[in-house]
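Only one structure is covered here, and it is reproduced in the block below.
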Amino acid sequence: MKGDLFIVNIGQIATASGKKALRGPDMGRLLVTQNGAILVEKGIISYAGVQEGPDYEAALKKARAGAYPLLDAAGKACVPGFVDCHTHFLFAGFRAEEFFWRAQGLSYMEIHRRGGGIGKTAKATREASFENLLSSGGARLSSMLAQGITTVEGKSGYGLDRTTELRQLQAMAALDAMQPVDIVRTFMGAHSLPPEFSGRPGEYIDFIIAEVLPEVAREKMAEFADIFCEKAIFELEDSRRYLEAAKALGLGLKIHADEIEALGGAGLAASVGAVSAEHLLKASAQDLAAMAAAGVIAVCLPLTAFVLKEPYANARGMIDKGLAVALASDLNPGSCYSQSIPLIFAIAVLYMGLSFAETLCALTLNGAAALGRADRTGSIEPGKLGDILILDAPEASHLAYNSGMNLVVNTVKNGVLVYPR
Ligand code: NIG
Ligand code: FE
């Protein structure tokens with residue numbers, strides 16, 4: 001699905017720019033064009049700039065010659081489609097009770113120990129049919145389009161056995177082909193210890209390395225592998241073994257690191273050459289410096305900290321240290337049953353000390369880079385996919401200022417208007 005589209009009368013185009021993650025001070029440098037137009041041909045942006053001058057005239061001529069559909073933005077602002085680079089969006093069942101237990105003070109790990117948590121969702125997901133996963137996942141993808149998410153990462157990790165882990169990846173592959181949001185698949189068999197391996201995390205990792213990872217890689221069922229590296233889940237040594245095995249099979253690496261305790265997962269990410277390390281609420285200064293030196297992207301998940309009532313990751317400090325920061329939702333049925341992009345904007349600007357420009361970069365270009373797709377999406381520039389949002393605002397900064405409101409009036413994916421349909 002690749003379209004031609006000419007978007008005119010754009011009040012403001014605001015975008016990060018480039019084909020790789022922006023780091024440190026570069027994250028604050030947006031490309032802003034007033035009174036702009038964008039031409040998308042066969043799904044790819046061929047012009048993005050002011051609505052005057054010879055380059056614009058040439059674009060206009062092409063649009064007329066090809067009789068491309070015209071979209072009049074009527075003075076509204078445009079930004080790139082959002083890239084939500086960390087989610088667990090494919091799952092069965094819910095865990096509403098845990099939300100209220102935590103609201104009353106029970107911790108995430110306490111609930112995990114009592115048999116709630118990931119184990120509960122894994123049980124429901126094992127029992128769910130393929131069709132059930134497709135329909136609940138499909139519904140979530142539709143709401144993603146309504147808030148402007150054009151690329152999403154989806155992790156397995158609610159099977160914790162060979163069959164269900166693979167079924168989750170197959171369901172995401174099917175969904176990728178069925179609807180407009182691009183889905184980047186991550187294998188996360190090492191998300192929690194299944195009951196069959198209770199008390200034996202090392203043996204479970206051996207099983208995953210021997211019996212599941214090779215097939216995931218051979219059949220190209222995922223681009224990345226991820227692990228929940230955490231005290232009393234999978235600790236450093238098992239995490240390293242798992243990640244090195246995945247790397248040897250050609251998978252990119254991600255890691256849930258230093259979310260609950262400062263175990264050193266961020267340092268591990270740097271030493272194994274991970275693309276990104278995620279959560280990082282407790283990451284040490286030394287490990288963050290190692291990440292900066294190794295070029296590992298820091299993925300911060302403000303909605304999870306919000307829901308768990310934990311202090312936010314120090315994204316401000318990370319950018320000041322020269323790291324590339326991406327922001328994502330972490331949508332999952334437990335620690336964060338939210339994928340609210342508007343809430344991420346509000347928290348990042350009001351409570352994490354990021355500028356609007358840094359936040360937009362973190363939700364677009366740097367998110368794309370965390371998925372190895374910064375060459376294709378994440379900014380509005382010639383050569384990139386036509387993944388573009390029109391906002392109900394004259395300036396992009398209203399995404400933060402109009403706090404918690406969904407301003408997306410149109411979502412364009414690959415040059416096709418996909419929301420509203
Ligand atoms: O990123 N931390 C581990 N995994 C998820 C939570 C998944 C769940 O609770 O179901 C996270 O927060
Ligand atoms: Fe997560």
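Here are the numbers for the structure shown:
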read-out: Mean projected area (nm²) of the alpha-carbon convex hull when segment 165-277 is viewed from all directions; value: 7.1
read-out: Relative exposure of VAL212, VAL181, VAL152, judged by other C-beta atoms within 10 Å (fewest first); value: VAL212, VAL181, VAL152
read-out: Separation between Cα centres of segment 330-369 and segment 387-421, rounded to whole Å; value: 15
read-out: Sorted by Cβ neighbour density within 10 Å, fewest at the top, the residues SER340, SER276; value: SER340, SER276
read-out: DSSP-assigned coil residues among chymotrypsin sites (Phe, Trp or Tyr not before Pro) in segment 37-108, each with at most 16 further Cβ atoms within 10 Å; value: PHE94
read-out: Segment 95-185: trypsin sites (Lys or Arg not before Pro) in DSSP coil with no more than 13 other Cβ atoms inside 10 Å; value: ARG114
read-out: Solution diffusion estimate, µm²/s, Stokes-Einstein, the chain, Kirkwood Rh from C-alpha pairs, 25 °C, viscosity 0.890 mPa s; value: 114
read-out: Sequence of TYR419, TYR401 once ranked by neighbouring C-beta atoms within 10 Å, starting from the fewest; value: TYR401, TYR419
read-out: Residues with amide H under 5 Å from that of GLY189, placed H, sequence gap 5 or more; value: ASP226
read-out: Percent RCO, i.e. relative contact order, over segment 82-339, from Cα pairs under 8 Å lying at least 6 residues apart; value: 18
read-out: Mean Cα-pair separation over length for segment 1-108, i.e. relative contact order, pairs under 8 Å, 6 or more apart, %; value: 34
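Rule-based calculations on the coordinates, nothing more; no lab input. Computed from a prediction, not measured in an experiment: that's the story for all the values here. Cβ atoms come from the backbone with ideal geometry, glycine included; neighbour counts cover every protein chain shown.
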